[in-house]
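The values are calculated or read from the model by the stated rules, or taken from the named source; none is laboratory data. Please read all numbers here as calculations on a predicted model, not as lab measurements. Cβ placement follows ideal geometry from the backbone for every residue including glycine, while neighbour counts extend to all protein chains displayed. The area values use the complete protein model at the heavy-atom level, side chains included, leaving out ligands, DNA and RNA. Shrake-Rupley method; radii C 1.70, N 1.55, O 1.52, S 1.80 Å.
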Amino acid sequence: MSEPIEVLRAENLVVRFPVGGRGRWIVPVDNINLTIHQAESVGIVGESGSGKTTLGRTLVRILEPAKGRLHWHTHDVAHIRGRALRHYHAAVQMVFQDPFASLNPARTVFDQVALPVRCHRRMSGAAQADRVESLLDQVGLSPARDLREKYPHELSGGQRQRVAIARALAADPQIIVADEPVSMLDVSIRAGILQLLTELKEQLALSFVFITHDLASARYFSTRIGVMYAGQLVEMATAADITRRPLHPYTRLLMAASPGSGMKAPLPETTQGSPDLSAQRRGCPFAPRCPLVMDRCRQATVEFRWLADQHGVACLRSEE
Amino acid sequence: MKYVLNRVGFLLISLWAAATINFFLPRMMPGNPVDSLIARFQGRISGSALHAIELQFGITHQPLWFQYLAYLNHLLHGNFGVSLTYYPASVMTVIGNSLPWTLGLAGLSTVISVALGLALGIYSAWHRKGWLANALPTMSTFTAAIPFFWLAMIFVYLLGYLLGWFPTDHAYTSSLVPGINGPFILSVLHHGILPACTIVISSLGGWLMNMRNNMVQILGEDYILFAQAKGVPDRALMLRYAARNAILPIATSFAMSIGFVVGGTLLTEIVFSYPGVGYQLFTAIENSDYPLMQGLFLMIAVSVLLANFAVEMLYGRLDPRVRRSGV
Amino acid sequence: MTVITSVASTSVDPSRRGRTSPIRQFFKDPKARVGFGIFAFFVLIALLAPVITPYNPQSTLFIPLQAPDARHWLGTTGNGQDVLAQFVYGARTSLTVGILAGLTATAIGIVMGMLPAYRGGTFDLVVSTFTNIILVVPGLPLLLVIGAYIHQTGSLVIALVIGMTGWAWQARVLRSQTLSLVSRDYVVAARLAGAPDQHIIFREILPNMLSLVVAGLMYSCLYGILAEASLEFLGLGNINATSWGTMLYWATQGAALLNGAWWWFVPPGLSIALVGMGFSLMNFAVDTLSNPRLRESS
């Protein structure tokens, strides 16, 4: 097996937002390292408030990181703007969670899919129309002719998400960040969309970052999985490895919570509110909820460490 | 506190902006209108007064920034120049004589109009089944579109000339000596009724519609439903729950409304020959008395800005969110 | 007169309602029908002026101050002009200037509201402060002062000046709506699609607040017609043009009130109020369109 080609690498990535003035910050992405290889699918799993969406949006450079680096092949794209950013967007696209919100209600299917074809690929006229038609065909929206002049509200949820996927493909990207692409859809059509994404990944040798709160669908879709909690990456491993041998207590909790799992974890503390994202927090962010918490956990900074070739974790217990 | 500082800052900036607009307007106009004015008054007013006007309107070789600073300096010392119409009276004197009439007329009418408009708006939103409640918003689209000056003309014609119930010009009977005495005050009130009615009727509709819309919005909120289910009496629900929250957004549109009411008051004064700033402004315009005109404009702008500032301060007290967040 | 459009309420998202054509929905509202009816009536009068009256509005051929009769349906002026002729030809000027002023104000409002909200930062701070200043500086006195300097000017200039003093409210409304739309996913998606800024502003965001723009346009036209009438009434416009405002100016000059010539000053003023009401009703209906809660109440 040849060495996989590295496409995108986040190095000590930090994203923060001011809250309520007075110099207070929250840090939804806190010192994250992540590598995406060619034709690989990386799942990012976490609960709401874990910072996974913020991470996704930063990888696509909708958001600008406060610190750290973002390597696209050999370029640092963390702070690019203008033309360079536009160029980057041609290569790194996104599929949003809510296809209702991500499609412009005032524009037709054709308009929305044609936009990146025109702006990124510089096609117009018949070439553009052909390209849009083949894209719609590719995402299973055929015959395209019936759909191209329709508005989003005339489509079903599944059709809308297919249009959004077609739009992401239109720029001919190398990476697609899919932010919970099925969570807003009816259960009955989720499988179809996941199936479509899998096919695209294989046909086009695309890399995927698949953001989800659901470990089961991450395992179905991804080769490697990262688990996020309170803005930090707490565990990273291959999908098989993380299922067989979850190391972080939070991962175990997620495993126990997913249906059909034989895994039994100690019951976690759930009386706490949402995870603390403030810049002033100390110690392991999971400590307040952790069933295995030690005194040290509340004080010491916990480093992410690679234990095996493909398996890393940020937990003091793992050092014992 | 941050809110107060913010608003004080905005007040200062807008005062400065009004003064600056006032400075640049005559200098921006095509065909230098002041030249002909100077020519017309040559010999009729003293040379020094004429020179002052030349300086005031930029007929001088001094650089613009120097003129501007001199102008600001004069303003700060309350020096608005000399009125040509009322020469040798200063602009400040004319303003001092006319401003109280306008403040009284516009102030009183606005208070009545706001109170009445809000009350009718609440009524119209609350009794949505009644015919009057439903007719009110439509009626107010009409009254709100009536030109102030035309309504004033109709009043003058119907109630002044035809029926003879009210005097049709000036603020008091000219044979009376102004002062705090019964006949004079009665005369002032008698003269003031028609102009006040004009302003109230023309501006009422806006408040009514705005209040009604906000009320209807809020009456659909869950917390109103909850309060109702909890057994809060209707009256309290209407006034303390719904109306109080519905009034808050209106304060933000007050800025524009007050300017509109002042504009309407000026027009009303002109029709009634009411001796306020509007009538004086019109006289100044007719006589090309530019110093007086500019002084009046600035004074009107400053009054509106101050009124607006006062409302914003009040708003800050009424709405705890504004008070704390300082946005 | 205050604006009926409340910003927060007007979240324009037609997609979730399974919409019929917005135009058809607009005309379902009786208010819209009445408002549009009034507007169309006066437009028709203006267009058909030569058909309605055989007289030249400026010719002073007739006996002055005649009450309405079969020959002169609306009587004659103090100068011996036919009031009906003045009225129908005056409708042309008043409507044109009012609508032109409304369009100017709306165009400026769109630019001054959307650009800063989209750009953000210092640019937004400066422009929106400027907008707020223009909003609080009283418009009519400013208009009068400008009118005094550019004495006796053409109708086109008047329309532009009115438009340039009346855009601030709309800019403010559109700014806050743009602020709320600019972070929507579909705008982000358009940025990812590599779309240039002007495409995002005018093709992605603007179409989603059309109802606000239309409501603002209705309101601006109402303001424009009133402001034009005020200027003309004071003799600060072009007193030789025929418009509803100049009719009222000449009526005052000719002591129509003292002479009891109600037919001279009632029609133009009443029509200004009616046209204004028409715009106001349409504004109302557009507002209702984007704000379902107001609908059930009417």
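Farthest toward the dipole's positive end in chain C, which of C:Thr106, C:Ala148, C:Gly78, given Cβ charges of +1 (Lys, Arg) and -1 (Asp, Glu) about the Cα centre? Value computed over the given set: C:Thr106. Across segment B:147-221, Cα pairs under 8 Å and at least six residues apart give a relative contact order of 32 percent.
Interface residues of segment C:271-291, defined as a loss of at least 20 Å² in heavy-atom accessible area between the chain alone and the complex of all protein chains with a 1.4 Å probe, are C:Ala273, C:Met277, C:Ser280, C:Leu281, C:Phe284. Straight-line reach from A:Lys67: taking Cα to Cα under 20 Å and skipping same-chain neighbours fewer than 8 places apart, the lysines in range are A:Lys52. Going by the alpha-carbon gyration tensor, a ≥ b ≥ c the square roots of its eigenvalues, is segment C:201-298 rounded (a/c under 1.5) or, if a/c is not under 1.5, prolate (a/b greater than b/c) versus oblate? It comes out oblate by the Cα gyration axes. Average accessible surface for segment C:37-136: 44 Å² per residue, computed with a 1.4 Å probe over protein heavy atoms with every protein chain in place. Relative to the longest principal axis of the Cα atoms of chain B, helix B:182-219 runs at roughly 50 degrees. Relative to the Cα centre, the charge distribution of the protein assembly as shown, modelled as +1 at Lys and Arg Cβ and -1 at Asp and Glu Cβ, gives a dipole magnitude of about 1500 debye. Across C:Trp250, C:Trp73, C:Trp264, mean-square fluctuation computed from a Gaussian network of chain C (C-alpha pairs under 10 Å connected) peaks at C:Trp73.
Taking every C-alpha pair closer than 8 Å and separated by at least 6 residues, the mean separation divided by the residue count of chain C gives a relative contact order of 29 percent. Accessible surface computed residue by residue for segment B:91-302, with neighbouring protein chains in place and a 1.4 Å probe, gives 39 Å² per residue.
Would you kindly give the portion of the calculated P(r) for chain C that falls above 35 Å, as a percent of all Cα pairs? In whole percent, the long-distance tail amounts to 28. Given the DSSP H assignment, sum -39500 (n - 2.57) over each helix run of at least 4 residues in chain B and divide by its residue total; what's the result at 222 nm in deg cm²/dmol, nearest 500? Theoretical 222 nm ellipticity from helices: -25000 deg cm²/dmol.
Separation of segment A:39-60 from segment A:156-230 is 12 Å, based on Cα centroids. For the pair A and C, the buried accessible area comes to roughly 2100 Å² in total, with a 1.4 Å probe and the value rounded to the nearest 100.
Dipole orientation for segment B:91-302: of the candidates B:Phe148, B:Ala242, B:Ile201, B:Ala242 has the Cα lying most toward the positive pole (charges on Cβ; Lys, Arg +1; Asp, Glu -1). Simple point charges give the picture: +1 on the Cβ of Lys and Arg, -1 on the Cβ of Asp and Glu, and for chain C a dipole about the Cα centre of about 820 debye. Other residues within the sphere of radius under 10 Å centred on the Cβ of C:Gly113, judged by their own Cβ, net out at +2 (K and R +1, D and E -1). Note down the relative contact order for chain B as a percent, whole number, built from C-alpha pairs under 8 angstrom at least six residues apart. Taking the mean separation of contacting Cα pairs over the length of chain B, I get 27 percent. Peptides A:228-237, A:212-221, A:3-12 ranked from most to least packed by the mean count of surrounding Cβ atoms within 10 Å: A:228-237, A:212-221, A:3-12.
With the cut-off at 1.5 for a/c, could you classify segment B:1-158 from its C-alpha gyration tensor as rounded, prolate or oblate? Cα axes put segment B:1-158 in the prolate bin.
Near the amide H of B:Leu84, within less than 5 Å, lie the amide hydrogens of B:Leu292, all on another chain or at least 5 residues away, with H placed in the peptide plane. Listed peptides B:72-84, A:24-36 appear in the order A:24-36, B:72-84 once ranked by packing, highest mean of other Cβ atoms within 10 Å at the front. Given axes a ≥ b ≥ c from the Cα gyration tensor, I'd like to know whether chain B is rounded (a/c under 1.5), prolate (a/b larger than b/c) or oblate. Since a/c reaches 1.5 but b/c is at least a/b, the shape of chain B is classed as oblate. Per-residue Karplus couplings for segment B:239-252, computed as 6.51 cos²θ - 1.76 cosθ + 1.60 with θ equal to phi - 60°, are listed in order as 8, 7, 8, 7, 4, 4, 6, 6, 6, 3, x, 5, 4, 6 Hz, Gly and Pro entered as x. Leaving ligands and nucleic acids aside, the C/B contact buries around 5400 square angstrom of accessible area in total at a 1.4 Å probe radius. Residue by residue along B:131-142, Cβ atoms of other protein chains within 10 Å of the local Cβ number 4 on average. With respect to chain B, whose longest principal axis is taken over its alpha-carbon atoms, helix B:47-56 is tilted by about 50°.
Leaving out ligands, DNA and RNA, and with a 1.4 Å probe, what % of the accessible surface on segment B:172-303 is carbon or sulfur? Summing carbon and sulfur atoms, their accessible area is 65 percent of the total for segment B:172-303. Taking only Cα atoms and a 10 Å spring cutoff, compute GNM fluctuations for chain B and point out the largest among B:Ala145, B:Ala307, B:Ala171. Ranking B:Ala145, B:Ala307, B:Ala171 by mean-square fluctuation puts B:Ala145 first.
Counting Cβ atoms of other protein chains within 10 Å of each residue's Cβ and taking the mean over peptide C:179-186 gives 4.
Each residue of segment C:209-219 was assigned a 3J(HN,Hα) from its phi angle through the Karplus expression (A = 6.51, B = -1.76, C = 1.60, θ = phi - 60°), giving 10, 4, 5, 5, 5, 5, 4, x, 5, 4, 5 Hz with x at Gly and Pro.
Among beta bridges from DSSP that stay inside the protein assembly as shown, the antiparallel ones total about 60%. Just to be sure I understand: with springs between alpha-carbon atoms less than 10 Å apart, which residue in C:Thr104, C:Thr96, C:Thr153 has the highest mean-square fluctuation in the Gaussian network model of chain C? Highest fluctuation of the listed residues: C:Thr153. The amide H of A:Leu247, built 1.01 Å from its N in the peptide plane, has no neighbour under 5 Å, considering only residues 5 or more places off or on other chains.
In order along segment C:256-265, the phi-based Karplus estimate (6.51 cos²θ - 1.76 cosθ + 1.60, θ = phi - 60°) of 3J(HN,Hα) comes to 4, 5, 4, 7, x, 7, 4, 5, 7, 9 Hz; Gly and Pro are listed as x.
For the Cα trace of the protein assembly as shown, dividing Rg by the Kirkwood Rh returns an Rg/Rh value of 1.06.
Pop out a list of residues from segment B:144-182 that are at least 20 Å² less accessible with all the protein chains around than in their chain alone; 1.4 Å probe, no ligands or nucleic acids counted. For segment B:144-182, once contacts with the other chains are taken into account, B:Ala144, B:Ala145, B:Pro147, B:Phe149, B:Trp150, B:Met153, B:Ile154, B:Tyr157, B:Tyr161 lose 20 Å² or more.
Within 10 Å of the Cβ of each residue in A:96-109, the mean number of Cβ atoms contributed by other protein chains is 5.
Under a model in which nothing but the beta-carbon of Lys, Arg (+1) and Asp, Glu (-1) is charged, segment B:91-302 shows a dipole of about 800 debye around its Cα centre. Close amide H contacts of C:Ala195 (hydrogens built in the peptide plane, cut-off under 5 Å, sequence separation of 5 or more or a different chain): none are found. Report note on the peptides A:189-202, A:44-57: ranked by the mean count of other C-beta atoms within 10 Å, highest first, their order is A:44-57, A:189-202.
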